[in-house]
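Any read-out appearing in this document is the output of simple, stated calculations on the displayed coordinates, not a laboratory observation. If you're wondering where the values come from, they're calculated on a predicted model, not measured in any experiment. Here Cβ is always computed from backbone atoms with ideal geometry, including for glycine, and neighbour counts include all displayed protein chains.
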Amino acid sequence: MFISRKWLSDFTNITASSQEYEDAMTMSGSKVEATVELSEEIQKVVVGRVLEIERVPDSDHLWVCRIDVGQDEPVQIVTGAQNVRENDMVPVALHKSTLPGGTKITKGKIRGVKSEGMLCSTIELNVDKSDFPYATTGEEGIFILQEECNPGDDIRPIIGADDSIVEFEITSNRPDCLSVIGLARESAVTFGTELNIPEPVVKGSGGDINELLSIEIKDPELCLRYTGRMIKNIKIEPSPKWMRQRLRAAGVRPINNIVDITNYVMLEYGQPMHAFDYACLDGGKIIVRTATKGETMNTLDGVTRALTTDMLLIADAKKPVGIAGVMGGENSEVTEDTQYVVFESANFKGVSIRKTAGALGMRTDASSKFEKGLDVENTLPAVQRACQLVELLGAGIVIDGIIDIRETPFKPTKLNLDAQKINKLLGTSIDESFMVQTLTKLGFDVVDGVVTVPSWRRDIEHFSDLAEEIARFYGYDVIEPTLHEGSADGGFTPKQIAERNVTSLCRALSYSEICTYSFVGQSDYDSIELPKDSPLRKGVTILNPLGEDTSIMRTTSLPSMMGALMRNWGHRNQVARLYEMATVYMGIGEKLPEERPILTLGAYGHCDFFEIKGACETILREMRVKEVRFAAEQNDPSYHPGRSAAVFSGETKLGIVGQVHPTVAKHFGVGEAYAAQIDLLKLLDCAAQERVYVPLPRFPAITRDIAVVCGMDVTAADLTNGIFKSGGKLLRDVKLFDVYTGDRVQAGKKSMAFSLTLRSDEQTLTDEHADEALKNILLALETQFGAVIR
Amino acid sequence: MKENLEQLRAMALDALNHAHSSAELESLRVKFLGKKGEITAILRQMGSLSETERPIIGQLANEVRAVIEEAIADKVRQLEANNLSERLISEALDVTIPGKEFLIGRRHPMTIVLDEAKDIFIGMGFNIAEGPEVELSLYDFDKLNIPTTHPAREWTDTFYIEADESVHLRCQTSPVQVRVMENQKPPIRVISPGRVYRKDEVDASHSPMFHQIEGLVIDKGVTMADLKGTLNLLVHKLYGDKTKTRFRPHHFPFTEPSCEVDVQCVVCGGSGCRTCKQSGWLELLGAGVVHPKVLAGCGIDPEVYSGFAFGIGLERMTMLRYGIDDMRLLFENDLRFLSQF
């Protein structure tokens, strides 16, 4: 929202500097984004009268002028423009002047002729024909002033460049502040100045609108009020300079007097208006109705719009002439030939306007105001103001009578003013008199502790809303900070602690944390070779994604990790060890998907299967996960079929670890890569809760190393389990310490060496004990696995 | 004989003086003190001495033996000391050669800042609440008093999962607070950190997925002044005791009164710089007193209880903390970046 300080001063007189104004308004709730000082852009540019003009010798297009700029001596300036005559009043950029855009002008010589500055065109002063319709346009033409001015006058007030334009960020609950009057009210309360909003006075000219026009609201749910007035003898011409300047300051392009008046009123009163050419209204009727099935119309922007039956239209007896609150129709546009105009000042239901504008993809200034819900009492003053401006500008003659249709009268909200309750909520002790005073200045009526909310403040519906009104003018910064005394039983949950522990283990293992997007695309699933019919492809789909690649909530964390590995590979980082506690979103349950955190590891560079498996084993061991085992996993298409393992705790599958399938790695443009995906919640379910102290052994242990030769298909897990099962109660630990294939064992066989630890809690073991256990073990290994001692 | 002993002592001490190895010492010990050594040889001749001479010579012989033994022991200690110091010299290292590298992984910078915030709030007696990211509009919009006309509900702003707008990706972590209020009686003190989603294209300061830390305090007699006190405390712990704050009125549907909280620019200290766009202030938090309608909608009696809520953007906090100028770095996961924290 851009507002001219000059325009504001029509309603309240604030003398604060731009900085003071910005600060105070920001602290009372109307945040100022920036202030543009139009005057700063133009320096040392004055009005000059051309005294003499003659050709520059030896030039066929240059002129040298002697110009009175209000100083003792005239200045001499060379110009290439051909439209300057003696006695013309022109803008003169003097020596060391500045023009909009930062251009600096200094004196110099042109064709050897002294030139003490420059004559300016409209372009150089950043104005155009809509500001000064009489001005010559184009680079070659100097701006010959027809304003009342004298040599030496500062050009800035003459071209309206002496204003400050304030840019506000208006919150969605305050559509009333999307207007000059709304912000003038806020300014007046902020600075304690008088607010003066004159009631528009329309002289009128006889006649009766009712003889020409009738208005009918077919859908009073969607059109809460429709106010119309008519103008005849329309004279379309440019609007006056002051109006054009104010429109431009607010970022609105001036068009002609009638259109400019509707825009001016929209900015000043916050009430969007529309002007119809009466001649185009069949049957002299305005009917507010929803569109019929299959109806279309051409809007002012020249586009044919297909309408749906929930869209509210302004129609005449035969056809639609506008989309209510969004844009008028081409068929009823005001043109040079327009004789009679109907001014529409209406109030439409916000939701309906929002939906219509959204469906048609055409958010306009009007629709963005309507959709926030406007003041239903504002239609009449706004249309009156428009008619007043018509009379002021001589743009036509106002026909007497107003048509003002609404089904239900406005019923203001009433609230109790409970000063004690407000102070209790704020933690303050503000006087009730200050509260009453503030609310009154804001336009509330306060009588005997009952507050009547003004029609433009539809956001106020509760005592806490009143508390905010009072607090923001009392000053948020004045409220003394306190700390609430309360119970303090805060702390992390066991899951949160476990999550911290798991991630710190990852870092101890040299893995660094990454943070990836939760959404992926089907192409990511292709990249990890997920089968087309995989249930993992049926995830939560975003209906309005930014793009295909961010259109589904991931059901697997692998693509995100591979993406991170790919980027690091691309940056030529030699080694990568990455982890993420990545949430996946599994299908749609009752209504919402199940969200599960997956501990995801990714690695490349000096890595192998056993390193990443070791990382997983360390994490599981340190998290005290019970009965951990790994089983070959050949069926996960994302992983190497011979180098990946399913991770189990007992019978619960926790996840997978292994080498990323070479095809998948290739899709991501990385070399040999490794990954692991472990379900955190399952891991925690399988973790032993408490550490329990185990007494230190009282008797020494005996160790025995054995090496057995077995077939290649026998696994380390087979033998380890076999040893444990046959070793008896004295066997406390078994560790594989060597695997050998080669010359010294038979071809097609391998040797595996284990270190066994035996111990008793009752006595010091002897060699006989160990030999007995070893005998049983070797027997079992031979009979079960054909493994014989080497 | 006496002369022989004196001579022997002198000889032995002289020989010891010239000994340079433990082997030489051993052979000298054998030569002088051994069973077949020189002292023994002299003592063997004791029989030829007179009764009076014998004890004198015997004493002298023992004396000489003791002196030589002591001298050998001295020499052994001396040699050991020499050997040790030679070994130490030979073992000397270039201690400026770098030590063995132990690689430790790093936390993501946002996790560092989040962990710090969590610890501050845990210290103030808060719990940490979690909730779904794919959320019912009931919790993310309706129960938060967000009107059906609010721009946040636009399909251009929020990622929808269901065509009837009943499910979407949460655009704030506030629905977690609603779930807490529905399931827990006051007093309530929670923060709810997590991922949130808004339909913004990726650029230096926007991301369609980002993180928030929201907080909620509900109890009897909680005031707006308490909100100021708590958030001041947070800012002081995060950015230092002297950091100034500025509470500006703002609008959020679920709080009333509402405010935005600016902190004095952590880069320039408030004098104005590029980071704070010359204003001296950085927008850090949105906050407010929980709207009575929101309380009532969650089954908490607004006549008995009141509370405040606040929300912080974690990306912004992190970028301010480390002077990161492009949000994309936080999601690119380049180790050259990650290993700086």
Self-check item: Residues of type aspartates and glutamates that A:K749 reaches as a straight line, Cα spacing below 17 Å, ignoring anything fewer than 8 places off in the same chain
Solution: A:D713, A:D718, A:D738, A:E782
Quiz item: Want the number for A:V303 to A:R363: 0.36 nm per residue separation, take away the alpha-carbon distance, what's left?
Solution: 20.2 nm
Self-check item: Computed label-point distance, nm, for sites A:Q522 and A:Q76 using a 7 Å Cα→Cβ extension
Solution: 8.0
Exercise. May I ask you to derive the relative contact order of chain A, considering only C-alpha pairs under 8 Å and at least 6 residues apart, and to give it as an integer percent?
Key: 8
Exercise. If a/c stays under 1.5 just call it rounded; otherwise compare a/b with b/c (prolate if a/b is bigger, oblate if not). Do that for the range A:494-685, with a ≥ b ≥ c from the square roots of the Cα gyration tensor eigenvalues.
Key: rounded
Quiz prompt | Residue mean of other protein chain beta carbons inside 10 Å, A:507-513 | solution = 6
Quiz item: When Cβ neighbours within 10 Å are restricted to other protein chains, what is their mean count per residue of peptide B:103-110?
Solution: 6
Exercise. Check the range A:209-405 and count each lysine pair with an alpha-carbon distance under 13 angstrom, considering only pairs eight or more places apart or from different chains.
Key: 6
Quiz item: Which of the peptides A:332-343, B:306-317 is most tightly packed, and how do the rest follow, judged by the mean count of other Cβ atoms within 10 Å per residue?
Solution: B:306-317, A:332-343
Quiz item: Pulled fully out, how much extra length does the chain show between A:D743 and A:K626, if you take 0.36 nm times their separation in residues and subtract their Cα-Cα distance?
Solution: 38.2 nm
Practice problem: Using the Karplus curve 6.51 cos²θ - 1.76 cosθ + 1.60 with θ = phi - 60°, work out ³J(HN,Hα) for each residue of the range B:129-146 in order, rounded to whole Hz, and write x for Gly and Pro. | Solution: 9, 10, x, x, 8, 8, 10, 6, 4, 3, 8, 7, 10, 4, 6, 9, 6, 8
Exercise. Take the Cα coordinates of the range B:109-338, assign each an equal point scatterer, and use the Debye formula without solvent to give log10 I(q)/I(0) at q = 0.11, 0.18 Å⁻¹.
Key: -0.56, -1.48
Quiz prompt | Cα centroid separation - the range A:686-757 against the range A:134-181, whole Å | solution = 90
Quiz prompt | Which of B:C273, A:C387 has the fewest Cβ neighbours within 10 Å, and the rest in rising order | solution = B:C273, A:C387
Quiz item: Once you put a point 7 Å from the Cα of B:N62 and another 7 Å from the Cα of A:K293, both along the Cβ direction, what distance in nm separates them?
Solution: 13.7
Quiz item: Restricting attention to the range A:470-526, which chymotrypsin sites (Phe, Trp or Tyr not before Pro) occupy a DSSP loop and are surrounded by at most 16 other Cβ atoms within 10 Å?
Solution: A:F492
Practice problem: List A:D88, B:D142 from most exposed to least, where exposure is judged by having the fewest other Cβ atoms within 10 Å. | Solution: B:D142, A:D88
Quiz item: Using 0.36 nm per residue, how much length does the chain from A:D162 to A:L392 gain when fully extended, once their Cα-Cα distance is taken away?
Solution: 80.4 nm
Quiz item: Which of the cysteines found in chain B have nothing to pair with, since no other Cys Cβ lies under 4.7 Å from theirs?
Solution: B:C171, B:C259, B:C298
Quiz item: For peptide A:171-179, how many partner chain Cβ atoms fall within 10 Å of a residue's Cβ, on average?
Solution: 3
Quiz item: Any idea how many Lys pairs in the range B:109-338 come in under 27 angstrom at the alpha carbon, given 8 or more places apart or on separate chains?
Solution: 27
Quiz prompt | Loop-located GluC sites (Glu not before Pro) in the range B:1-91 whose Cβ has at most 16 other Cβ within 10 Å (DSSP) | solution = B:E51, B:E91
Quiz prompt | Proximal lysines to A:K107, defined as alpha-carbon separation beneath 30 angstrom and excluding residues fewer than eight positions away on the same chain | solution = A:K44, A:K96, A:K129
Self-check item: Phi-based couplings in Hz for the range A:335-343 (Karplus 6.51, -1.76, 1.60; Gly and Pro marked x)
Solution: 10, 4, 8, 4, 9, 10, 10, 9, 8
Quiz prompt | Packing-based exposure ordering (other Cβ within 10 Å, fewest first) of B:T243, A:T292, A:T190 | solution = A:T292, B:T243, A:T190
Quiz prompt | About the Cα centre, charge dipole magnitude for the range A:567-692 (Lys/Arg +1, Asp/Glu -1 at Cβ), debye | solution = 300
Exercise. Distance between Cα centroids, the range A:392-437 to the range B:98-129: provide it in whole Å.
Key: 51
Quiz prompt | Where labels lie 7 Å past Cα in the beta-carbon direction, separation of A:K96 and A:K775 in nm | solution = 11.5
Practice problem: Would you list which lysines come within 30 Å of A:K653, measuring only between C-alpha atoms, while excluding same-chain residues fewer than 8 positions from it? | Solution: A:K495, A:K532, A:K538, A:K591, A:K613, A:K626, A:K666, A:K682, A:K725, A:K729, A:K735, A:K750
Practice problem: Per DSSP H run of n ≥ 4, the term is -39500 (n - 2.57); total these for chain A, divide by its residue number, and report the mean residue ellipticity at 222 nm rounded to 500 deg cm²/dmol. | Solution: -7500 deg cm²/dmol
Quiz prompt | Relative contact order of chain B, pairs being alpha-carbon contacts under 8 Å that are 6 or more residues apart, as % | solution = 14
Quiz item: FRET efficiency for B:K220 and A:T335, Cβ-Cβ distance as r, R0 = 56 Å, nearest 0.05?
Solution: 0.25
Quiz item: the range B:139-206: which GluC sites (Glu not before Pro) are DSSP loop and have at most 11 other beta-carbon atoms within 10 angstrom?
Solution: B:E201
